[in-house]
Amino acid sequence: MKNKTVIAALLLCAAVCAHAQQSYGTLSGTVYTLNLDGEREPVAFATVYWLGSEVYADCDENGKFNIKRIAEQDAALVAAALGYVRDTLRVSVDQKTVEIFLRSDNELEETVVTARGDANYLSRLANVRTEVISSAGLNKMACCNLAESFENSASVSVGYSDAVTGARQIRLLGLSGIYTAMLDENRPVMRGLAAPFGLSYIPGQWLESIQIAKGPSSVINGVEAISGQINVEHRKPTDEKPLFLNAFVNSMLMGELNAASSLQIGSKWSTVLMAHASHSFMDHDMNGDGFRDEPLTTHLNIANRWLYYDDGGVQVRFGIKALYDSRLGGQMSFGRHQVDSLRTMNVPWGTSITNRGVNGYLKVGVPLNADNSRNIAVVADYTYHQFDSYFGLKSFFGKQNSGFLNIMYQDIPNDSHRFTFGIRDFFDGYGQILHDGYVDPLSSSGQAVFTDFDLSRRENSLGVYGEYTYTLGEKFSLVADLSLDWNSLYGLFLSPRANLKWAPADWLVIRASGGRGTSSPNAVVDNLGMMSTGRRIDIASDLGMESAWTYGGNVTFYIPMGYEDNSYLSLDYFRSDFTSQIIVDQEYDWSAVSIYNLEGPSYTNTWQVDFSVEPFERFTVLATFRYTDSKVWLRDRGLVERPLVSRYKGVLNLQYATRMNIWTFDFTAQLNGPSRLPDFAVAPGESGLSPVYPVLFAQITRKFKGVDVYFGVENITNYRQEHPIIGAENPWSADFNASVIWGPLTGVTAYAGMRFTLWK
């Protein structure tokens with residue numbers, strides 16, 4: 001009764017003062033609620049009013065209302081009714097009608113999401129060809145980490161670097177992931193010692209979205225992007241989610257737990273705390289070769305991010321992240337207690353890898369005028385990473401201290417022009433010791449030979465850069481970049497880049513891009529698979545900076561078909577030409593892994609087509625196909641097809657959701673094309689190509705109040721690469737090789753999980 005009196009008094013005051021407000025037209029709408037079946041019902045006689053004013057309107061018995069506007073700008077509209085939780089809706093100035101959904105005040109504190117975001121789509125506004133995987137797309141798979149988030153994408157291929165460590169490597173434009181710049185909210189990450197397992201250090205449930213940009217992009221964050229860049233967006237401190245939990249377990253008894261909590265502390269501060277833990281509880285040897293199909297792993301990860309935002313527009317973002325990762329692989333009989341005896345050949349062949357790391361960052365943005373058209377930003381980052389590893393007779397120990405500083409100034413004089421200038425510095429201090437052990441095949445004694453390499457170095461790369469952007473509405477944009485970088489080990493490098501976008505019609509977008517990228521090599525961690533061999537390692541002493549030119553284009557047609565007329569057909573082509581490259585060659589000398597500088601041409605051509613359509617409401621179809629022509633010059637062989645690069649990949653993804661997304665059904669089919677096998681892996685009479693194989697995935701999700709429960713199956717056809725380890729019966733010989741991987745290592749895997757979200 002008291003609540004009714006208060007509301008009546010408020011409405012009376014509003015009625016007395018309403019005539020003082022000026023009107024700018026009217027807004028009409030309906031106030032609804034959702035019943036237990038998820039169907040909308042009108043809220044009779046609810047009240048709506050503009051936040052910060054006394055202008056209100058009452059709904060009729062059908063929940064409909066008309067309310068006068070009070071300003072020619074966006075405004076907040078509040079809806080209230082007895083027995084329901086009040087809600088606020090942002091209304092744009094050009095909006096004519098709205099729908100507001102209220103929930104009963106007897107329900108749990110939650111928000112009912114009534115719209116579905118696209119899971120995978122091509123960005124229409126981006127200047128470069130950019131594929132976006134949203135949070136909905138990340139939920140389509142088990143998505144334990146970033147490496148497992150690309151199953152619905154043909155742009156990015158993910159495979160194992162070897163058959164014993166569990167390290168995943170990506171390929172973009174047919175090139176290894178070391179040529180892709182990895183960014184965390186536009187901050188360079190996964191560099192150096194963190195690269196081999198970096199994809200597994202970012203849990204998929206921590207992410208809000210992933211953006212995959214092909215080809216050269218902006219030089220603001222560095223010039224290491226040769227094939228493209230992948231940027232990840234984490235859960236934000238400002239999310240209205242005080243608690244998120246995700247628990248997962250699969251049929252191989254690998255389990256994980258993710259947690260995130262976003263909190264607002266006053267009007268200016270907010271923070272998000274994220275934690276991850278995963279562990280493998282059981283060994284598996286499905287192919288019977290005596291080796292674990294995947295290593296036993298324990299992974300712990302925690303991160304805390306903060307945001308400060310004041311009324312003057314100053315933003316401060318900072319955070320810290322710590323990780324621990326332990327892996328035990330090799331023969332089934334190899335245990336942790338035998339690690340110290342590995343180099344004696346008195347124990348089974350095994351691998352033990354431990355990674356520890358800490359990362360901290362600070363980002364400050366300061367507006368220099370009232371409308372923020374001129375501003376200055378500072379980004380600082382520090383990383384410490386320790387990598388300790390054993391591979392049978394071989395071992396590698398590394399420590400990395402890296403710093404990154406970027407100071408940039410931006411000026412936007414008008415809607416058509418934008419200028420960005422800056423200075424940045426990368427500092428990397430590496431302590432790296434490689435102990436190479438092998439059995440000389442020409443020796444009759446069968447004794448092990450040991451050679452030590454000190455690969456430690458201190459490297460500094462200082463660069464100045466500028467970027468100019470010209471924009472003509474949504475029809476045309478041109479981005480021109482130039483960066484001049486001085487590297488303390490390799491000298492001066494000039495990196496020009498350009499990206500153009502033209503939309504001559506609403507249904508057509510044309511893009512073109514080109515530019516240079518450079519990358520400083522890390523011979524061991526960039527090619528970790530070579531450690532899982534019985535060969536000696538031969539590293540040239542004069543390895544240089546890697547450099548390539550990448551150029552290409554994209555045409556996207558938006559087709560008025562399907563349920564919401566939002567279908568598109570996209571065609572793109574990209575080419576990368578290396579002027580210098582580090583070659584890891586196992587075909588020149590069959591007793592060695594030869595690492596040397598490129599001695600001829602090296603290039604990759606990639607064609608891709610994407611098609612997306614929603615034939616009817618809540619049913620989406622995404623089909624994509626990629627073809628790759630990749631060649632490299634190998635010593636004493638000339639120009640040959642790059643080994644272990646699949647010639648093509650096709651992906652078909654189907655998704656159907658019932659009303660209110662109560663049930664969601666996902667199905668993904670992949671067709672993976674052949675790749676050239678190295679000569680030593682080809683038996684007499686074989687074609688020299690890996691087989692064509694399919695991989696199928698399926699998942700069902702059921703939504704409850706604040707809880708999603710999901711079940712899925714990966715690799716439904718149970719397809720596995722037969723005999724992935726060459727010479728598994730004698731791992732101490734020079735013939736032993738676990739690096740020739742082109743297909744799945746594990747068979748059909750079922751999983752189940754739960755996501756719980758507590759809304760503010």
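The values are calculated or read from the model by the stated rules, or taken from the named source; none is laboratory data. Everything numeric in this text was worked out from a predicted model, so none of it was measured. Because the Cβ atoms are built from the backbone with ideal geometry, glycine has one as well, and the counts that use them run over all protein chains shown. Side chains included, ligands, DNA and RNA excluded: accessible areas come from the protein's heavy atoms. Shrake-Rupley method; radii C 1.70, N 1.55, O 1.52, S 1.80 Å.
Data table
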read-out: Residue count, region 243-289 (criterion: touching a strand residue (DSSP E or B) at 6+ places or on another chain (Cβ under 6 Å) and assigned to a strand (DSSP E or B)); value: 31
read-out: Number of the exception - residue 431 against (1) within 28 Å of residue 303 (Cβ to Cβ); (2) within 28 Å of the chain's Cα centre (by Cα); value: (2)
read-out: Unmet criterion (only one of (1) touching a residue at least 24 places away in the same chain (Cβ under 8 Å); (2) open to solvent by less than 30 Å² (accessible area, probe 1.4 Å)) for residue 208; value: (2)
read-out: Number of positions in region 616-664 that are within 11 Å of residue 174 (Cβ to Cβ), among the hydroxyl-bearing types (Ser, Thr, Tyr) and not in a strand (DSSP E or B); value: 1
read-out: Pairs with Cβ under 9 Å, 6+ apart, first in region 165-182 and in contact (Cβ under 8 Å) with a residue 60 or more places away in the chain, second open to solvent by less than 20 Å² (accessible area, probe 1.4 Å) and of a type in the set (Asp, Glu); value: 178/546; 179/546
read-out: Residue in region 415-427 that is touching a Gly at 6+ places or on another chain (Cβ under 6 Å), over 30 Å from residue 359 (Cβ atoms) and open to solvent by 60 Å² or more (accessible area, probe 1.4 Å) present; value: no
read-out: Filter result for the condition that a residue is closer than 30 Å to residue 312 by Cα and either of a type in the set (Lys, Arg) or out of contact with any His (no Cβ under 6 Å at 6 or more places or on another chain) (or both), over 399, 363, 394; value: 363
read-out: Enumeration of residues in region 550-604 that are in contact with a Phe, Trp or Tyr (Cβ under 6 Å, 6 or more places away or on another chain), of a type in the set (Ser, Thr, Tyr) and open to solvent by 60 Å² or more (accessible area, probe 1.4 Å); value: 563, 573
read-out: Filter result (polar (S, T, N, Q), touching a Phe, Trp or Tyr at 6+ places or on another chain (Cβ under 8 Å) and either outside any strand (DSSP E or B) or open to solvent by 10 Å² or more (accessible area, probe 1.4 Å) (or both)) within region 290-308; value: 298
read-out: Residue within region 90-113 that is in contact with a helix residue (DSSP H, G or I) (Cβ under 6 Å, 6 or more places away or on another chain), at pLDDT below 80 and farther than 25 Å from residue 566 by Cβ present; value: no
read-out: Residue in region 672-680 that is over 29 Å from residue 588 (Cβ atoms), part of a strand (DSSP E or B), in contact with a Leu (Cβ under 8 Å, 6 or more places away or on another chain) and open to solvent by less than 70 Å² (accessible area, probe 1.4 Å) present; value: no
read-out: Hey, residue 553 touching a residue at least 24 places away in the same chain (Cβ under 8 Å) and part of a loop (DSSP other than H, G, I, E, B) or not; value: no
read-out: Yes/no for residue 708 being open to solvent by 20 Å² or more (accessible area, probe 1.4 Å) and either at pLDDT 95 or above or more than 30 Å from residue 657 (Cα to Cα) (or both); value: no
read-out: Boolean, residue 334 is more than 30 Å from residue 314 (Cβ to Cβ) and in contact (Cβ under 8 Å) with a residue 60 or more places away in the chain; value: no
read-out: Region 296-317 residues that are in contact (Cβ under 8 Å) with a residue 12 or more places away in the chain and farther than 19 Å from residue 187 by Cα, paired with ones that are surrounded by 15 or more Cβ atoms within 10 Å (Cβ to Cβ) and among the hydroxyl-bearing types (Ser, Thr, Tyr) (beta carbon under 6 Å, 6 or more apart); value: 296/280; 297/280; 298/326; 299/278
read-out: Among (1) hydrophobic (A, V, I, L, M, F, W, C); (2) touching a Leu at 6+ places or on another chain (Cβ under 6 Å); (3) crowded, with 16+ Cβ neighbours inside 10 Å; (4) farther than 25 Å from residue 294 by Cα, the one test that residue 660 misses; value: (2)
read-out: Residue ID - least open to solvent (accessible area, probe 1.4 Å), chosen from residues in region 490-523 that are in a strand (DSSP E or B), within 30 Å of residue 433 (Cα to Cα) and of a type outside the set (Ser, Thr, Tyr); value: 517
read-out: Residue that is nearest to residue 410 (Cα to Cα) [pool: residues in region 175-205 that are open to solvent by less than 20 Å² (accessible area, probe 1.4 Å) and of a type in the set (Ser, Thr, Tyr)]; value: 180
read-out: Looking only at region 731-747, and only at residues there that are buried (at least 21 other Cβ atoms within 10 Å of the Cβ), of a type in the set (A, V, I, L, M, F, W, C) and more than 25 Å from the chain's Cα centre (by Cα), the one that is farthest from residue 163 (Cα to Cα); value: 736
read-out: Filter result for the condition that a residue is modelled with pLDDT under 95 and charged (D, E, K, R), over 425, 371; value: 371
read-out: Qualifying positions in region 702-720 - closer than 27 Å to residue 672 by Cα and not basic (Lys, Arg); value: 710, 711, 712, 713, 714, 715, 716, 717, 718, 719
read-out: Flag if residue 720 is crowded, with 17+ Cβ neighbours inside 10 Å and either without any contact (Cβ under 8 Å) to a residue 60 or more places away in the chain or not in a strand (DSSP E or B) (or both); value: yes
read-out: Subset tally (residues that are open to solvent by 30 Å² or more (accessible area, probe 1.4 Å) and either touching a residue at least 40 places away in the same chain (Cβ under 8 Å) or on the phi > 0 side of the Ramachandran plot (or both)) for region 278-289; value: 7
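Here's the yes/no breakdown for (1) surrounded by fewer than 24 Cβ atoms within 10 Å (Cβ to Cβ); (2) in a loop (DSSP other than H, G, I, E, B); (3) of a type in the set (Phe, Trp, Tyr):
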site	(1), (2), (3)
137	no, no, no
151	yes, yes, no
163	no, yes, no
216	no, yes, no
224	yes, yes, no
